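In what follows, a single structure is set out as structure tokens and then discussed.
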Amino acid sequence: MSYLTDQIRPKLIFVAAAIIIGAGLLGWYSTTPIKNLVQTDSLRNSPDYFITKVKVKEFDQNGELIETLNAQQTLHFVTESKTLLENPSIERYSNSGQWHAKADKGVIDDGSNDILLTDNVIATKTFLKSEDIQLSSNNMHYKDSDKSITSYGAATLTSTQGETSAGTITTYINSEEVVMTGSVRGKYETIH
């Protein structure tokens with residue numbers, strides 16, 4: 001009998017030790033934090049949705065085209081209530097002519113028809129009865145409330161008369177009015 005006890009006791013000790021070690025490993029594994037494939041911080045900065053190759057047309061109540069918006073990509077952020085545009089191009093039509101603007105980036109706030117264009121912004125106004133003008137700047141803000149385009153940050157207006165730079169240049173879609181503020185400088189050449 002002592003022979004049997006001597007044979008069984010080491011096996012029981014071994015099995016008990018294996019169970020204790022297994023329980024310890026199971027407890028350790030269950031307390032180890034779960035790692036996601038995508039880190040939470042990167043999800044916080046990602047858009048809620050995006051659309052590529054965007055082409056939008058807006059018409060008035062009479063069916064006349066009043067605006068087109070094209071962009072390589074739009075990124076919408078619900079929590080910030082805004083849409084970011086990549087390589088936007090906008091055309092706005094009016095009774096006095098049309099505007100065409102393009103930039104590297106743009107921002108539209110939800111519920112607004114205003115648009116902020118940034119980085120390498122160029123806008124051209126084509127008049128029906130006078131010469132075209134071109135605005136270039138670092139930033140341009142179209143405000144739908146007064147149909148104005150305000151250029152700031154290296155703002156330059158180019159026309160057939162010459163080139164004018166100013167701290168801020170504001171022009172209106174439905175008129176030929178241009179307002180320049182800040183340090184205004186002009187280069188004009190006379191025709192011989």
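The values are calculated or read from the model by the stated rules, or taken from the named source; none is laboratory data. Please read these numbers as outputs of a predicted model, since none were measured by experiment. So basically every Cβ, Gly included, is an ideal-geometry build from the backbone, and we count neighbours across all protein chains shown. For accessibility, only protein heavy atoms count, side chains too; no ligands or nucleic acids. Shrake-Rupley method; radii C 1.70, N 1.55, O 1.52, S 1.80 Å.
Counting the residues of region 109-130 that are open to solvent by 40 Å² or more (accessible area, probe 1.4 Å) and in contact with a strand residue (DSSP E or B) (Cβ under 6 Å, 6 or more places away or on another chain) gives 8. Among the residues of region 108-125, are any farther than 20 Å from Leu84 by Cβ and in contact (Cβ under 8 Å) with a residue 40 or more places away in the chain? Scanning region 108-125, I find at least one residue that is farther than 20 Å from Leu84 by Cβ and in contact (Cβ under 8 Å) with a residue 40 or more places away in the chain, so the answer is yes.
Annotation: of all residues in region 160-177 being under 16 Å from Trp99 (Cβ atoms) and at pLDDT 85 or above, the one that is surrounded by the most Cβ atoms within 10 Å (Cβ to Cβ) is Ile169.
Within the bounds of region 50-66, is there any residue that is open to solvent by less than 40 Å² (accessible area, probe 1.4 Å) and in contact (Cβ under 8 Å) with a residue 12 or more places away in the chain? Break it down into steps so the answer makes sense when it comes.
Step one: of region 50-66, the residues open to solvent by less than 40 Å² (accessible area, probe 1.4 Å) are 54, 66.
Remaining after also requiring in contact (Cβ under 8 Å) with a residue 12 or more places away in the chain: 54, 66.
Yes, because at least one residue in region 50-66 is open to solvent by less than 40 Å² (accessible area, probe 1.4 Å) and in contact (Cβ under 8 Å) with a residue 12 or more places away in the chain.
When Asp144, Asp60 are checked against the criterion of being among the acidic types (Asp, Glu) and under 30 Å from Pro47 (Cα atoms), a single residue qualifies: Asp144.
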